[in-house]
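Notes follow the structure.
All of the numbers you see were taken from the coordinates with simple rules; none came from a lab. Since the structure is predicted, the reported quantities are computational estimates derived from the model, not experimental observations. Cβ atoms come from the backbone with ideal geometry, glycine included; neighbour counts cover every protein chain shown.
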Amino acid sequence: MSIFKRLIQKLVAQTPVAKEPTARLSPPYITSQEEEEPHEYDVVLPRIKANYSHEIYRNDTGRGFKVNQIPTPLQPDEEETLILQELYADLLLSFAIDVGTEYHILHNSVLKLKPDLTKDRLKRMSINALIREIEGNVEIQGDTDHVIMVTAGGNFEAALILLDYFWEQIHETVGQELIIANPAKDLLFICAR
């Protein structure tokens with residue numbers, strides 16, 4: 001059984017439904033990790049994606065997912081691929097521009113057109129934009145002895161894993177050894193190991 005299924009079963013079975021947040025993370029987590037000068041890409045936000053080509057998905061018997069390689073003639077040029085940065089074993093960081101009604105995911109062609117941008121700079125800029133976007137909206141729902149769900153307005157919960165101070169507060173609340181599940185951009189579950 002997958003970790004996510006175990007987390008959900010544990011959450012449903014052991015956690016009473018809370019109408020009010022269990023805890024609200026205090027505002028100090030919103031301090032910028034590194035200030036960036038204003039830039040035309042100030043609305044770049046981080047997006048967390050699963051890396052389905054990672055080995056942990058190759059033997060996933062819970063689903064019928066299979067990695068099929070695209071035939072070589074159909075492989076996109078490097079410039080047409082998404083800007084991706086590996087975060088953890090099976091998680092990737094991508095970047096999106098908020099254009100008001102939707103998000104546009106950035107492709108490597110942006111890096112070629114804007115030589116002053118690098119993946120690391122985009123990461124810093126997106127973290128700062130994330131901090132501004134979620135300011136004061138991060139809440140913990142659930143029972144810290146079992147499973148908690150972290151909310152931040154419904155769009156950036158998965159990206160909270162990029163914030164160092166967020167982890168400091170979560171470790172104080174839940175403990176040092178954690179299991180996390182972020183099955184979608186707006187879902188983040190955490191429990192003690």
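Mind checking the dipole of the stretch 86-193: about its Cα centre, +1 per Lys or Arg Cβ, -1 per Asp or Glu Cβ, Debye to the nearest 20?
640 debye
Based on the Cβ-Cβ distance from residue 116 to residue 186, what FRET efficiency comes out when R0 is 45 Å, to the nearest 0.05? Before the final figure, lay out each step's value.
Working: r = 32 Å, r/R0 = 0.70.
Working from the Cβ atoms, E equals 0.90.
Can you tell me the length gained on complete extension of the stretch residue 88 to residue 135, counting 0.36 nm per residue apart and subtracting the Cα distance?
Values: separation 47, 0.36 × 47 = 16.92 nm, distance 2.52 nm.
Gain on extension, residue 88 to residue 135, equals 14.4 nm.
Tell me which GluC sites (Glu not before Pro) from the stretch 158-188 have a DSSP coil assignment and no more than 16 other beta carbons within 10 Å of their own.
177
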